[in-house]
Protein chains: 2
Amino acid sequence: MRLTLSALVASTALAGAAQADALRDEALQYFAPLPSTVPAVKDNRITPEKIDLGKALFFDPRLSASGVFSCASCHNLATGGDDNMETSVGHGWQKGPRNSPTVLNAVLNEAQFWDGRADDLKAQAKGPVQAGVEMANTPAQVELTLNSMPQYVDWFKAAFPGEDSPANFDNMAKAIEAFEATLITPAPFDAFLNGDDQALTADARAGLKLFMDKGCSSCHSGVNVGGHGYYPFGLIEKPGADILPAGDKGRFSVTATVDDEYVFRAAPLRNVAVTAPYFHSGKVWDLPTAVSIMAESQLGEQMSDQEVGQVVAFLQSLTGTMPAVTVPVLPAETASTPRPTSEVMPE
Amino acid sequence: MRLTLSALVASTALAGAAQADALRDEALQYFAPLPSTVPAVKDNRITPEKIDLGKALFFDPRLSASGVFSCASCHNLATGGDDNMETSVGHGWQKGPRNSPTVLNAVLNEAQFWDGRADDLKAQAKGPVQAGVEMANTPAQVELTLNSMPQYVDWFKAAFPGEDSPANFDNMAKAIEAFEATLITPAPFDAFLNGDDQALTADARAGLKLFMDKGCSSCHSGVNVGGHGYYPFGLIEKPGADILPAGDKGRFSVTATVDDEYVFRAAPLRNVAVTAPYFHSGKVWDLPTAVSIMAESQLGEQMSDQEVGQVVAFLQSLTGTMPAVTVPVLPAETASTPRPTSEVMPE
């Protein structure tokens, strides 16, 4: 009797393993596990010196005119790499137009921003620094700031050897990109893709199957489970103006093509469970609600509560482990460092 | 000849050592080196669980009504434990009344705030959270926030075992105090006090001697080279209203005693070289200028440029080594977590 039971357990386990293998094979057609090393990026060889400099810059509030905001303000590494607000608060207490996306794993997105207007993170990094409603600074002022501190100049020299004036705006962006490329968060889903059957709960596995069968993975695919490809929000049915405000036409502002009205980059879904609120408008705080809205607007599907719960369980398996990031010690200002100003310039 | 030279070098070294010993003996009458362990604090036993919880709270912007500001915003561990602004920018882009003091080694101050109105860091921590121009939150809202996240409740249970509702405002403050007590930054001056003659440059030693001989150490003494005792700003000669604005009468607002008009706590001087701008008004960015103003207003002394330079060299020897602080991973909000609001309430 004991032998028979053991045999039964063993054969069930085998069947489970076979099922997991089949699910994994299917999943690997859509997704890929995170790389085990820092990804290479275009035109920017990543070195330890560049990473260290980039970390300092990422945390330095003196990149903003007011001295209040650093990259880490809206891409807070303590809270999932975003700021957990509808839209960010910036210079002069102004609100940004769109929800701040997570910086975690962002290096693996095919383009940056909700409308994909920046090709990569070094292009992206220059945006918020100059945006009047965000850091409200200028490249010239940033360069004055960086060059006023000998320690920064030394760090730039080490990170960009052989350059004449390395402490410049372009190199600032490249160094920040290098640091951000290290912000990779391996998750249970990666362990599953890499062969660990036990890494996902039964609900998460069912959710993964649904995610593929229902068609979510048509847009949210690849290593970041999204982060590439552009799709209309409301492909089947437009959500209400509370969620999709009429004033923000998405990628239309980049391409000026009517087809791109209300078109956005498919959101990368890694760490989605810890980066509420959702959508470019940041109007939805609850992940099950966000899943239901997506099912309806993009797929014309009414998902049952059970199905939504399983998809959410899958999405939770995308919450990864943060790399340990030690707060950097930044150089002190000198007599020639531009002073912070909280003044709001007229447009 | 070589022997004689060696003997001369040796005797000069001995004389130097004797001089250093004499300077150290004098210095130890005024100052003390930092402790090598986390200092004990009153009514708040420090445990690893409390430190970890306190670190999470210190970095959590959800302690502010807007979700924009954490303790780390104005006490930035990347920039000397303060924010390097005249006065901090807070809720609704309002400016605080006084320069943000460094949190580094603050546990060793005898009282907190420029006017000493908080006895310790657990009393201090409650202030900015509730100040309308800073984090603009309420104890009730903070408690709702903390109790809405099971991970926080678990952390509070571990830090305050046996308590019924541990995730409360008082315990928030105690945990923050426990974390802040770890922010101790040993400096070259400590190495000198502990017996290392080489830890201070000749200029720094001359500056230390001047600091004591001129009388700076009458107020700026103890382990934090200040941080205790209350003195009128302008003991001998009042500085101009640009530096000492008439509207801020300092400790008078705490004691309502005429003698306390324009009285402030002697600033603790550890890390002063990396925490410009200076004074409660934050109006002076340059350390030599600050030293000259102090000499004139408090001591009636016109210090020569050389003397000022030596005192500054001594003050630079108070710049310490930051403990490594890893950015915490904070719990994600839940459905019941109060949402951030950037609205500014009327007074």
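The values are calculated or read from the model by the stated rules, or taken from the named source; none is laboratory data. Treat the numbers as computed from the prediction; the structure is a model and nothing was measured. Every residue, glycine as well, gets a Cβ built from its backbone with ideal geometry; the counts of neighbours run over all protein chains shown. Just the protein is used for accessible areas: all its heavy atoms, side chains included, with ligands, DNA and RNA removed. Shrake-Rupley method; radii C 1.70, N 1.55, O 1.52, S 1.80 Å.
Worth a mention:
- Among the residues listed as B:Val68, B:Val41, B:Val89, the single one being within 19 Å of the chain's Cα centre (by Cα) and either farther than 18 Å from B:Ala178 by Cα or within 14 Å of chain A (Cβ to nearest Cβ) (or both): B:Val89
- B:Leu200 being more than 20 Å from B:Ala13 (Cβ to Cβ) and either in contact (Cβ under 8 Å) with a residue 24 or more places away in the chain or among the polar types (S, T, N, Q) (or both): no
- Elements of type helices (runs of 4 or more DSSP H) in region B:1-106, at least 2 residues being of a type in the set (A, V, I, L, M) and open to solvent by 30 Å² or more (accessible area, probe 1.4 Å): B:2-30
- Condition broken by B:Leu269, with the remaining ones in (1) touching a residue at least 12 places away in the same chain (Cβ under 8 Å); (2) more than 14 Å from chain A (Cβ to nearest Cβ); (3) part of a helix (DSSP H, G or I); (4) in contact with a helix residue (DSSP H, G or I) (Cβ under 9 Å, 6 or more places away or on another chain) satisfied: (3)
- Flag for A:Phe113 being out of contact with any Phe, Trp or Tyr (no Cβ under 9 Å at 6 or more places or on another chain) and within 30 Å of A:Pro346 (Cβ to Cβ): yes
- Hits in region B:51-64 (condition: of a type outside the set (A, V, I, L, M) and either within 16 Å of B:Asn76 (Cα to Cα) or outside the structural domain of B:Asp119 (by the TED database) (or both)): B:Gly54, B:Lys55, B:Phe58, B:Phe59, B:Asp60, B:Pro61, B:Ser64
- Scanning region A:284-339 for residues that are within 13 Å of another protein chain (Cβ to nearest Cβ), crowded, with 17+ Cβ neighbours inside 10 Å and of a type in the set (S, T, N, Q) yields A:Gln316, A:Thr319, A:Thr337.
- Considering residues of region B:161-177 that are part of a helix (DSSP H, G or I) and out of contact with any Asp or Glu (no Cβ under 9 Å at 6 or more places or on another chain) only, the residue surrounded by the most Cβ atoms within 10 Å (Cβ to Cβ): B:Ile176
- Among all positions in region B:243-260, there is at least one residue which is in contact with a strand residue (DSSP E or B) (Cβ under 7 Å, 6 or more places away or on another chain) and either buried (at least 21 other Cβ atoms within 10 Å of the Cβ) or outside the structural domain of B:Ser218 (by the TED database) (or both).
- Residue in region A:184-195 that is surrounded by 21 or more Cβ atoms within 10 Å (Cβ to Cβ), touching a helix residue (DSSP H, G or I) at 6+ places or on another chain (Cβ under 6 Å) and assigned to a loop (DSSP other than H, G, I, E, B) present: no
- Residue match in region A:105-123 (condition: within 14 Å of chain B (Cβ to nearest Cβ) and within 9 Å of the chain's Cα centre (by Cα)): no
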